[in-house]
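Reading through the C-alpha cells given below for one structure.
What follows draws every value from the coordinates through simple rules; no lab data is involved. A quick note: this is a predicted structure, and the numbers were derived from the prediction, not measured. Neighbour counts run over all protein chains shown; Cβ positions are idealised from the backbone, glycine included.
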Amino acid sequence: MKQLFPKAVFYKEWKSARWGLALFILLFVSKLFDAIQRLNNLKELAQCGELVVANSAYWFQQLIYGNSIFLLIFVLTSVLAYLLFYQDRQEATASLIGSLPFTKEQAFNVKWITGAGIIVMAFLVNGLLLTGFYFANRAWMFSTAYQVIPTWTALHLVFALAAFSFMLFVQCAMGHSLAAAAVGPIAGLVPLFFFAGLNDIVRYQFNLSYDNVVSNFLDRLTGAVNWLDLISASYVQNTSGIVCPVYDNMPVRIVVFLAITVIFLWLGRIAYQQNAVEKSGELLMFPFLEPVLIYGFALCLGLLLALMFGLGYGENSVLVMDAFLVGGFVGGWFLAKRVVAYYQH
C-alpha cells in the first residue's frame, strides 16, 4: 500500500487541493439552499390557501433534476486539477519532486486518488444534506420518491470523475498549469462546438436541407461528443398531465462516464510518466501537440467568426461567412503560433 500511496506525497497533494473540497461543498450547499427557498414558497402558498398539490407534486424532483450544474462541475474539476499541479510546474519544485524516492506513476496515482477522494467526499456530503432535508420535510415531498437523490448523486459523481480525469490529462499534457486550467474546459467542449458549427457552415455553404445525409451525420457526431446530453433529464407527462423530469438509460450513462474516466486516467498516467522537468513552465510538454493546438485554435476561431459575423450579422451571406472563416483561421494560426513561441524556453 505504501508503494502505491506514499503518505508524504498524499499530504503534499492534500494541502494543495483541500480548497477544492470547499469549493465543491459550497456548490452543493447552494442546491440545498434552493430547495429550502422553494419549500418556503410552497408553505407560504399553503398558508394563503393557494397551493395546488397536483401542480407541485414533483417540485423536489424538478429542482434536483432540472437545475443543471454541468458547467460548474466542468470548471471546478479544472480548478481541482490546477491545485494539484501548480506547485509541480515550478522548476525548483519539479526538480525536488523528481529527486524523491517514488516513481512518477506513484505521484500520478496519488494526484488522481486525492482529487477523486475530494469529489467523492463532496458528493457524499451533498447526498447526506439532501437526505436529511428530504426526510425532515417528507410530508412536503408529495409524489417525489427518495430515489431521486441517489440517482442524481450517482450520475453526477461519475460525470465529475470523468471530467476530473480529463482535466488531469490536460494538465499532464501541458507544462503551464494555469494555461491548462483554462484550456481544459474549452478542450472538453471543442468537439461539440466543432461538429455543431461545421454542420451549420456546410449546410449554408452548399445550400443543403436540414434532413440531408451530411447534416444528419454531423448531428449524430454532435450528440456523441456532447457531455451535457449524458446528464440532462428527459421530461415525461404522467396521466394527470404533469410534466416530470426523469433519467432514462442510467446504466448506459454511467458506463460511458466510467469508460471516459478509465481512458483519460490511462492517457494521463502515460503522459505524466514522460513529463520532462525542463519542460515545466512551457505551454506544452510534447512537441507533437503543437500543431494540434495551433491548427485546432485556428479552425475554431474561424468557425466562431464565421458563425457570429457571417451567419449572424452577415445575414446568412455565404461570401461574408467564407471571408470570416478564412480570416479567422489565418488570424488564429498566427496568434496561436505566437503564444506557443512565447512560452518556449
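From Cα pairs below 8 angstrom and at least 6 apart in sequence, can you work out the relative contact order of the stretch 225-345, rounded to a whole percent?
Normalised by residue count, the contact order of the stretch 225-345 is 19 percent.
Take every Cα pair under 8 Å whose residues are at least 6 apart in sequence, average their separation, divide by the length of the chain, and the relative contact order is 21 percent. Taking only the Cα atoms of the chain, the radius of gyration and Dmax are 23.6, 72 Å. Its Cα centre serving as origin, the chain has a Cβ charge dipole (Lys and Arg +1, Asp and Glu -1) of approximately 1060 debye. The alpha-carbon of Lys12 sits under 23 angstrom from the alpha-carbons of these lysines, leaving out residues fewer than 8 places away in its chain: Lys2, Lys104, Lys111, Lys279. Based on alpha-carbon atoms, the Kirkwood radius and the radius of gyration of the stretch 53-183 give Rg/Rh equal to 1.14. Note on the chain: helix-only mean residue ellipticity at 222 nm, from DSSP H runs of 4+ residues weighted -39500 (n - 2.57) and normalised by residue number, equals -24500 deg cm²/dmol. Modelled spin-label separation between Leu258 and Phe334, with each label point placed 7 Å from Cα along the Cα-to-Cβ direction: 5.1 nm.
Name the longest site-free stretch of the chain, where the excluded sites are GluC sites (Glu not before Pro) in a DSSP loop with no more than 14 other beta-carbon atoms within 10 Å.
51-314
Panel values: the stretch 250-345, Kirkwood radius from alpha carbon pairs, Stokes-Einstein at 20 °C and 1.002 mPa s, translational diffusion coefficient 133 µm²/s. In loop segments of the stretch 257-345 as defined by DSSP, the chymotrypsin sites (Phe, Trp or Tyr not before Pro) with at most 16 further C-beta atoms inside 10 Å of their C-beta are Tyr313.
Global dimensions of the stretch 195-296 from alpha-carbon coordinates: Rg and Dmax equal 20.6, 66 Å.
Only helices at least 30 Å long along their axis, Cα-based, and averaging 1.0 or more on Kyte-Doolittle count here, so list those DSSP H runs from the chain.
104-136, 148-173, 177-205, 250-273, 318-343
In terms of other Cβ atoms within 10 Å, Asp211, Asp88 run from fewest to most in the order Asp211, Asp88. Net length available on complete extension from Leu26 to Trp266 is 83.4 nm, with 0.36 nm assigned per residue and the Cα-Cα distance removed.
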